[in-house]
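The values are calculated or read from the model by the stated rules, or taken from the named source; none is laboratory data. All figures in this text were calculated on a predicted structure; none of them were measured in a lab. Note: ideal-geometry Cβ built from the backbone for every residue, glycine included; neighbour counts use all protein chains shown.
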Protein chains: 2
Amino acid sequence: MSLAPRNTLVHQVRRPNGRPTPQDFAFVTEAVPTPGPGTALVENLLLSVDPYMRECMDGDWELGVPLEGRSIGRVTASATPEYREGDLVLHRHGWRTHALIAPGEARVLPQVDGVDLSAFLGILGGTGLSAYVALTRVARLRAGESVFVSAAAGGVGSATGQIARLLGAARVVGSAGSAAKVAYLTEELGFDAAFDYHDGPLAESLARAAPDGFDVYVDNVGGDHLEAAIGGLREYGRIAWCGAISQYNATEPPAAPRNLFDLVEKSIRLEGFLVRNHRAVQGELEEFLIPHLINGTVVDPQTVTDGFDGIVDAFLGMLDGRNLGKATVRLGLA
Amino acid sequence: MSLAPRNTLVHQVRRPNGRPTPQDFAFVTEAVPTPGPGTALVENLLLSVDPYMRECMDGDWELGVPLEGRSIGRVTASATPEYREGDLVLHRHGWRTHALIAPGEARVLPQVDGVDLSAFLGILGGTGLSAYVALTRVARLRAGESVFVSAAAGGVGSATGQIARLLGAARVVGSAGSAAKVAYLTEELGFDAAFDYHDGPLAESLARAAPDGFDVYVDNVGGDHLEAAIGGLREYGRIAWCGAISQYNATEPPAAPRNLFDLVEKSIRLEGFLVRNHRAVQGELEEFLIPHLINGTVVDPQTVTDGFDGIVDAFLGMLDGRNLGKATVRLGLA
């Protein structure tokens, strides 16, 4: 029997049919790897679970191999000059307690007074970058315009609403899945209006929240939300389409939106994007947001699950909308 | 009994339920109006019938009032210095044999050697402008990219294919509704490939015509064509959505493309537009196309119906796809 620490990893072991379940995953342990020449060993401190991973489950993730995802960890041993013991690094080998990283695979994170390390998985990570790119590169929001964002209490949504306000949006409106989230949006995050999408027909709730319409819609949901948003958009409106969390568990292609031809009638632009194609904007994002994080004009809400054992629950809970802000997992060592 | 000439006009007299019929229209005659101070009388020579008019029939056109549309006519009497007797003018009071025009309502057309007057209703008119705007302003085609256009043998489609080639498209592919149209596209208009959309599943026909995909889709059809095009577009593809002739007669909203989420996966932009918002591009269009019309590198196919009595048939035939190129009506005097 060895008392040496073990590395725990997660495999996907079967494809979900609709909503995933804990049985689609397996925890696996192995000896903590020893860094060979040119690599470093990282103890992961924070792990990210994200909506896009639901899509990976349908094919991109191979079964029976360690899952990947964004993570922040501390270098505990290094055989490469690129990483030093003690460095805090952002890398992609998440869903495990320990990871080997090679040069080029990780970024040594700056330590900024007043900015929590976890922000680099949240509003300073792919989540915030999605929101920033949606507004500045895809929808190209102009000061004085109005914005609607769906899944507004989630990671991308909460970042979108706050960034839109900083960019000079005249009005920021969001939809969310509970009364508590709605209250959080208007009372804590500065949204001008918000509604629970369970409360009656979506188009009516949206029209009440945005009676004069809006110019930009950042879509994290798809389906009925996209249809309602097309209805509420003004002429020359733009939709930045990030994701479709309402559809990831669907076993049939969705039917909505029936009003798609309104894109012609109102000269609307519907543009999809993948944040991975916009990594070059990362520096601009940090320059823009870090001062606001330090002075508190922007917050980075996260729902943190404690302990690696909880990662599957954290992921499934995020898909069910149980998170407020970005969903992350904090390991015992953090 | 008077032998004075009569003005004949067309009214819409009822709303169509699905496909319009001749009974939805009525021909009406009145005395030819006399131009009062500040107006001029025009004898119309050429009238345009366009897909967008099918949409007007559902609501924009009031019942029992003279229909409007683009027309070219000759000024026969004028009580305004803006128009002189004999001027050839482009104006919006079509669907009638005679029209009164006020200053600002008409454009005195240039007479250009080698350019048929009718081109100002076709490739130099709203039809050609739609194609040019779709490619240069909406999809922003770059030299070396490939293009697919639906309803390619129609007015906008035939202009799109030819203009795309002039803009340096690597490959131009079109769909049309008959073998004769397909032959016309490849043999006369320089399309690299074309197919009859009746010949088997659209996605398969399109994949055969464009095996390496395409970067730009100019959509005049909507529905199944839009879905097939989303499937064939490459990453960063753009769709310029002009119209949806497949849907205008539909009594139910069409099913949205079931693969709409591919817009996210492939970072595709779907943008609707109305040519009326791009009239400022008209001068650029003429500067670009007139040399090509003169030297024959661009043609302006038109299906001409002779006689004002035929205007309703010309319109309905265009909706049924019986036209090759732009559908126009030539009055006896032309």
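Here are the numbers:
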{"read-out": "Test set (1) within 24 Å of residue A:209 (Cβ to Cβ); (2) outside any helix (DSSP H, G or I); (3) in contact with a strand residue (DSSP E or B) (Cβ under 6 Å, 6 or more places away or on another chain) - residue A:322 fails condition number", "value": "(3)"}
{"read-out": "Any hit, the stretch A:289-297, residues being at pLDDT 95 or above, more than 10 Å from every other protein chain (Cβ to nearest Cβ), surrounded by 19 or more Cβ atoms within 10 Å (Cβ to Cβ) and farther than 30 Å from residue B:242 by Cβ", "value": "yes"}
{"read-out": "Residues that are surrounded by 15 or more Cβ atoms within 10 Å (Cβ to Cβ), of a type in the set (S, T, N, Q) and not in a strand (DSSP E or B), drawn from the stretch B:29-44", "value": "B:39"}
{"read-out": "Residue ID - farthest from the other protein chains (Cβ to nearest Cβ), chosen from residues in the stretch A:201-218 that are under 21 Å from residue A:130 (Cα atoms) and surrounded by fewer than 24 Cβ atoms within 10 Å (Cβ to Cβ)", "value": "A:214"}
{"read-out": "Residues of the stretch B:234-252 classified as at the interface with chain A (Cβ under 9 Å from one of its Cβ atoms) and surrounded by fewer than 16 Cβ atoms within 10 Å (Cβ to Cβ), total", "value": "3"}
{"read-out": "Matching entry among A:101, A:163, A:123 (being touching a residue at least 60 places away in the same chain (Cβ under 8 Å) and over 20 Å from the mean Cα position of the chain (by Cα))", "value": "A:101"}
{"read-out": "Qualifying position, being buried (at least 23 other Cβ atoms within 10 Å of the Cβ), touching a residue at least 12 places away in the same chain (Cβ under 8 Å) and within 20 Å of residue B:284 (Cβ to Cβ), among B:143, B:153, B:139", "value": "B:139"}
{"read-out": "Members of the stretch B:1-34 that are more than 22 Å from residue B:314 (Cα to Cα) and touching a Leu at 6+ places or on another chain (Cβ under 6 Å)", "value": "B:33"}
{"read-out": "Failed condition for residue B:228, given (1) over 22 Å from residue B:59 (Cα atoms); (2) within 13 Å of chain A (Cβ to nearest Cβ)", "value": "(2)"}
{"read-out": "Checklist (1) within 23 Å of residue B:242 (Cβ to Cβ); (2) more than 11 Å from chain B (Cβ to nearest Cβ) applied to residue A:190, failing item", "value": "(1)"}
{"read-out": "Which listed residue is at pLDDT 90 or above, within 26 Å of residue A:127 (Cβ to Cβ) and more than 7 Å from chain B (Cβ to nearest Cβ), from A:279, A:269", "value": "A:279"}
{"read-out": "Among residues of the stretch B:68-101, those that are surrounded by fewer than 22 Cβ atoms within 10 Å (Cβ to Cβ) and either part of a loop (DSSP other than H, G, I, E, B) or charged (D, E, K, R) (or both), counted", "value": "12"}
{"read-out": "Single match in B:47, B:63 (criterion: surrounded by 22 or more Cβ atoms within 10 Å (Cβ to Cβ) and not assigned by TED's automatic domain parsing to the domain that holds residue B:249)", "value": "B:47"}
{"read-out": "Identity of the residue in the stretch B:242-262, touching a residue at least 60 places away in the same chain (Cβ under 8 Å) and of a type in the set (A, V, I, L, M, F, W, C), that ends up farthest from residue B:171 (Cα to Cα)", "value": "B:250"}
{"read-out": "Cβ-Cβ under 7 Å pairs, at least 6 apart or on other chains, the stretch A:167-191 side under 17 Å from residue A:207 (Cα atoms) and in contact (Cβ under 8 Å) with a residue 40 or more places away in the chain, far side assigned to a loop (DSSP other than H, G, I, E, B) and polar (S, T, N, Q)", "value": "A:175/A:150"}
{"read-out": "Matching residues, the stretch A:142-180, being among the polar types (S, T, N, Q) and either assigned to a helix (DSSP H, G or I) or not assigned by TED's automatic domain parsing to the domain that holds residue A:205 (or both)", "value": "A:158, A:160, A:162"}
{"read-out": "Close pairs from the stretch B:8-28: first loosely packed, with under 12 Cβ neighbours inside 10 Å, partner modelled with pLDDT of 95 or more and of a type outside the set (S, T, N, Q), Cβ under 9 Å, at least 6 apart", "value": "B:22/B:312; B:22/B:313; B:22/B:316; B:23/B:13; B:23/B:14"}
{"read-out": "Scan of the stretch A:173-200 for residues that are of a type in the set (S, T, N, Q) and buried (at least 22 other Cβ atoms within 10 Å of the Cβ), ordered by number", "value": "A:175"}
